[in-house]
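Down below is the structure, laid out as structure tokens.
Only the coordinates and a few stated rules stand behind these numbers; no lab work does. Everything numeric here is computed off the predicted structure, so don't read it as measured data. A quick note on method: Cβ atoms are made from the backbone with ideal geometry, for glycine too, and the neighbour counts reach across all protein chains shown.
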Amino acid sequence: MNVLTHHNNISRTGTYAGETVLNPGAVSSDRFTKLYERHVDGDVYAQVLYVENVQTQQGHRNLFYVATSTNTVYAFNADDHSSSAQPVWQRQLQPARILTSEEICRETIGSVGITSTPVIDAQEGTMYVVARSSAAHAGAPGDGDNYLHVLDIATGAERPKAPVRIAASLPGTGPSAGHTIAFNPRCHRNRPALLLLNGVVYIAYGTFSCDQWCSQTEPYHGWVFGYRTADLVLVAAFCTSSGAAGAGIWQSGAGLVGAPDGSIYFATGNDGLLPGSPSPGAPGNLGDSIVRLQAIPQWPGLQLASYFTPQNAAFLRDGYGTAEQPGDTDLGSGGPTLLPGNTLVMGGKQGRIYVLDPATMQLRQDKSTPLAQQPPDWALAGVNRAHIGEGFQAFYNQHMGTDPRTPRALDNYASGEHWGCNIHGNPVYWPGTGCIYHMAEKDHLKAFKYDGQLGRISYDVEPDPATRAVVPFAHSDEPPNLGMPGGVASVSSNGDQDGIIWVSYPQVDGQWQKAPGYLVAYAATPGGSDGRRLTELWRDASPVLYAKFCPPTVAAAKVFRPTFAPNGPDNSYIGPGKVVVYGLEA
């Protein structure tokens, strides 16, 4: 069973349902261990992909693919456990270099080459991957250009007509009417995973460097481009902020979602207002929104079909306007998941989950802040309840340290990203329990029941009137750590049996530094004395660097864990990263 795209399918449910060997009993036994490592030449932001039975020059092989921040793609034989094994092939796509703090904010340290998960067309035997070129120095010709490459998965050879340089422009609207908005690759970054849908590869962009504009007069935007796979012609383009600025698409690396009817879903971050800009969520300014696009035959190939903007979007952007509560609580830190039964779910930095009808993009539940979601009585003083927003508060700041930002009211969760439980990436779903699973920062791994017939997420409410907190269907028990970005998960199972949630998360704050991480396996079916505990089966706490936002991959009785590469003390060079591979000893 192959893994061809981020979180295993275009719905982004994250489930590998063909795992017949790695059941909870096997994973919790002494036989489950590290099998081998494969070293690569940079950080691994992209999820590892896997294709079985590829015809290589050495015969048929089961291959896994690794793409790095230094623009190299590797194919490894998954079944060769020897320490001296070499790649079946590797290919450098574009030049890459270490970027300085003047070029990129230090949330990223090192190089920026391939930072989105590629997508594989197994039938055609091709991989689509976006690489950012770095010339010898900033400002040199071609520095920052982005290219769509198409590789033969058996040999790494470039397919005909590839690569193509990514470029497009669209007319502005509103205050930008009469002006052309041209895509400037030097201030945009392809972070969301690629989407292959109906013969078109879709590529999304947000800001390159922590909300920085291209110049004082040229803002960044959110972009979606579509290239036809048959001839690599640009057939679609969409700008999220044609009448404003910002509204980038990053989703912490989660992929654009595709639907059978051709709809495409994604979430945006904060808008950057221009004079006369429409309010957040209006056409021309889709900041802090969940967006549905529809493919159309004529240029520009994509049209806005519907969207959802939380009622507190402006507050998410601006907060209370103070140094401690400045906003920047992007909705678009998370990404959507399309569930069976036609329901769209996602959450952002506020830690609330929104449950949407994917056709109308209207809330199916929690349309206004319900009583159960109001702050406790002791926290009501000075709180504007409208700032709390819609959806339900799925995650709470449960870090028990002494950090002064530990919040005392739910509006704090929306007023600045440091206070609450930022959700990064998208939730995963397993039909065996009918639950979605996610781990926000400063909180536990949680499971919430999904009712596919009603299209709703169910939860209990703490009966204590002083808290009225949302109670999930189940949760893990390990103490949450303080910082960003929480955990990113994948699911393995044998159909609806033997479900395991695999979660990768940092041991300390991983926002501004490369941090050591954990890889933990939990039983997807709750247990414990109350039947509501996600039981830990296994843990690797060895000192490898957490790959930010990058989910583990499970395939054919193996678990592939990507890592970041170490940097020197002055960040002037980058060492080798690696992929750690786990399985059962023979």
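Figures for the structure shown
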item	result
FRET efficiency, 1/(1 + (r/R0)^6) with R0 45 Å, evaluated for residue 152 and residue 539 via beta carbons	0.70
Alpha carbon centroid spacing (whole Å) that separates region 5-75 from region 472-537	19 Å
Sum of side-chain charges, residue 514 neighbourhood, beta-carbon under 12 Å (Lys, Arg +1; Asp, Glu -1)	-1
Dipole in debye (nearest 20) - region 44-168, about Cα centre, beta carbon charges: Lys, Arg +1; Asp, Glu -1	180 debye
Sum of -39500 (n - 2.57) over DSSP H runs of 4+, divided by residues of the chain (222 nm, nearest 500)	-500 deg cm²/dmol
Entries of 442/548; 442/558; 558/578; 442/514 with Cα pairs more than 25 Å apart	442/558
Per-pair calculated FRET efficiency, R0 = 35 Å: residue 513 and residue 279 via Cβ, rounded to 0.05	0.45
Among 482, 524, 295 - extreme Cα towards positive end, dipole of the chain, charges at beta-carbon	295
Karplus-derived 3J(HN,Hα), 6.51/-1.76/1.60, for each residue of region 141-151, Hz, glycine and proline x	x, x, 5, x, 4, 10, 10, 8, 9, 10, 10
Segments 69-80, 32-43 sorted - mean Cβ within 10 Å per residue, highest first	69-80, 32-43
Efficiency of FRET between residue 311 and residue 79 - r from beta-carbon atoms, R0 45 angstrom, step 0.05	0.30
Linear extension gain, residue 570 paired with residue 180, 0.36 nm per residue minus alpha-carbon span	136.3 nm
Dipole-positive endmost among 50, 23, 36 within region 1-60 (Cβ charges, Cα centre)	23
Size of electric dipole in the chain: Cβ of Lys, Arg +1 and of Asp, Glu -1, about Cα centre, debye, nearest 20	560 debye
Sequence ranges 185-197, 54-66, ranked by mean other-Cβ count within 10 angstrom, highest first	185-197, 54-66
Cβ crowding within 10 Å averaged over residues, with 255-263, 124-132 ranked highest first	124-132, 255-263
Lys, Arg +1 and Asp, Glu -1 on Cβ, resulting dipole of region 428-586 about Cα centre, debye, nearest 20	360 debye
Whole-Hz ³J(HN,Hα) from phi, Karplus 6.51 cos²θ - 1.76 cosθ + 1.60, for region 69-84, glycine and proline x	5, 9, 6, 10, 10, 10, 10, 10, 6, 5, 9, 8, 8, 5, 5, 9
Mean separation of Cα contacts under 8 Å (6+ apart) over length of the chain, as relative contact order %	15 percent
Other-chain or far-sequence residues with amide H under 5 Å of residue 153's (modelled H)	126, 127
Which labelled figure in (i) 27; (ii) 39; (iii) 42 is percent of Cα pairs over 37 Å apart, once derived from the coordinates	(i)
Residues of region 496-536 with amide N under 13 Å of the 7 Å Cα→Cβ point at residue 460	529-533
Mean separation of Cα contacts under 8 Å, 6 or more apart, over the residue count of region 50-187: relative contact order %	16 percent
Karplus 3J(HN,Hα) series, Hz, for region 476-481 with 6.51 cos²θ - 1.76 cosθ + 1.60 (x for Gly, Pro)	8, 10, 5, x, x, 8
